[in-house]
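What follows is a short report on a single structure.
The values are calculated or read from the model by the stated rules, or taken from the named source; none is laboratory data. The shown structure was predicted, so the numbers you read here are calculated from the model rather than taken from an experiment. Glycine gets a Cβ as well: all are built from the backbone with ideal geometry, and neighbour counts include every protein chain shown. We work out accessible area using only protein heavy atoms, side chains counted, and drop any ligands, DNA or RNA first. Shrake-Rupley method; radii C 1.70, N 1.55, O 1.52, S 1.80 Å.
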Amino acid sequence: MAEAFFSLFTLILLIPLALLAFLYFIVRPRPVKIPIKNRHVFITGGSSGIGLALAHKAAAEGARVSILARSRNKLEEAQNAIRLATGIDVSVFAADVRDYDAVKRAVDEAGPIDVLLLNHGVFVALELEKQELSEVKFTLDVNLMGSFNLIKAALPAMRTRKDPQQPVSIALVSSQAGQVGIYGYAAYSASKFGLRGLAEALQQEVIADNIHVSLIFPPDTDTPGFAEENKRKPELTKIIASSSGAMKPEEVAQKAFDGIKSGSFIIPCNLEGVALSIATAGLSPQRSYLMASVEVLAAGILRIAGLCFQWTWYTSIEKWHKQRKGSQRS
């Protein structure tokens, strides 16, 4: 009896150890540390919200910081705010990310980039039927094509940098709406889901050049843009999105840089984001064999949890439509 118990205990112990050993062998890319101090960090959408918080954080960590946005006035306000808070002057560049030529001029003037942090984005929550196609195109052009423009402009100098042994980073700020589609987010989710495909393919293209790609997935964040978006947000969107609390831009910036410095491909920002990242890991690269083991072991459980969320959301949608039809009859 004791021998059988010992054999069972050994088997139970060996299985997870064997899994860890297997994952340690196969996870790619390998772990990396990306320094921020004394590096050039170039941040788009850097004049407000998350972008401004990222710029403050990078400056406080001793980076040379450049920020890009459309409004020269807002850029100068951000520049002054960062100078007052950190004593550091950041470089500012006014350009529309949809304009490749303008972006290329800004990137060339800024000089070789060590951390390209793509934070720009626009968002309107509205049912697709009510949304003008021009608005859909604007969302895709800014959020997705704008990222292509910046990467295309910055990549040649990143590849031919003086010290190829020093790792560099391209980080894209997506959204939890880039992990799961939400009512009223058709255009926005399409643009943010697109960033994942871009990031996964790009990482394979640039890994040989010691360039490391990260995807940041913040939840709702307490920014001026978030306050503006709530004015038009459909009632059903508010009901479904209410399950996730809003974060402060400074909290997102901290999580973002923690992930960038460790070379993480997927960077969640809160506990719900961690669960979403595990549930949607799919074929994404993973540097940590420990996190890979969590993804393997938790996938089934989180799929059940995901189905429960979908049940809750569709139940809310069904209930809302029934109530609206009932009020119209009366």
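See the values below:
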| item | result |
| --- | --- |
| Accessible carbon and sulfur surface of the chain relative to its total accessible area, %, 1.4 Å | 61 |
| Hull shadow area, averaged, region 163-264 [alpha-carbon convex hull, nm²] | 7.2 |
| Full-extension gain in nm, Glu77 to Lys322, via 0.36 nm per residue minus C-alpha separation | 83.4 nm |
| Cβ-based net charge around Ala94, under 13 Å, with every Lys or Arg adding one and every Asp or Glu removing one | -1 |
| Restraint check, Lys192/Lys238; Lys74/Lys238; Lys162/Lys255; Lys152/Lys233, Cα-Cα greater than 23 Å | Lys74/Lys238; Lys162/Lys255; Lys152/Lys233 |
| R0 of 35 Å, Cβ-Cβ distance Leu133-Lys104: FRET efficiency to nearest 0.05 | 0.80 |
| Largest-first principal axis extents, alpha carbons of the chain, Å | 77, 70, 34 |
| Of Ala186, Ala18, Ala102, the one that fluctuates the most in a GNM where the chain has Cα springs shorter than 10 Å | Ala18 |
| FRET efficiency, 1/(1 + (r/R0)^6) with R0 25 Å, evaluated for Gln254 and Asp96 via beta carbons | 0.30 |
| Magnitude of the charge dipole, region 196-312, Cβ model with Lys/Arg +1 and Asp/Glu -1, debye to 20 | 200 |
| Linear extension gain, Val32 paired with Thr312, 0.36 nm per residue minus alpha-carbon span | 96.8 nm |
| Phe25-Ala208 FRET efficiency (beta carbon distance; Förster radius 30 Å; 0.05 resolution) | 0.90 |
| Residue among Gly282, Ser242, Ile260 farthest towards the positive dipole end of the chain, charges placed on Cβ | Ser242 |
| Point-to-point label distance, Ala85-Ala18, nm (Cα→Cβ direction, 7 Å offset) | 5.2 |
| Gyration tensor over alpha-carbon atoms, region 21-159, equivalent ellipsoid semi-axes in Å | 26, 23, 16 |
| Ala201-Gln166 pseudo-label distance in nm [points 7 Å out on the Cα-to-Cβ vector] | 3.1 |
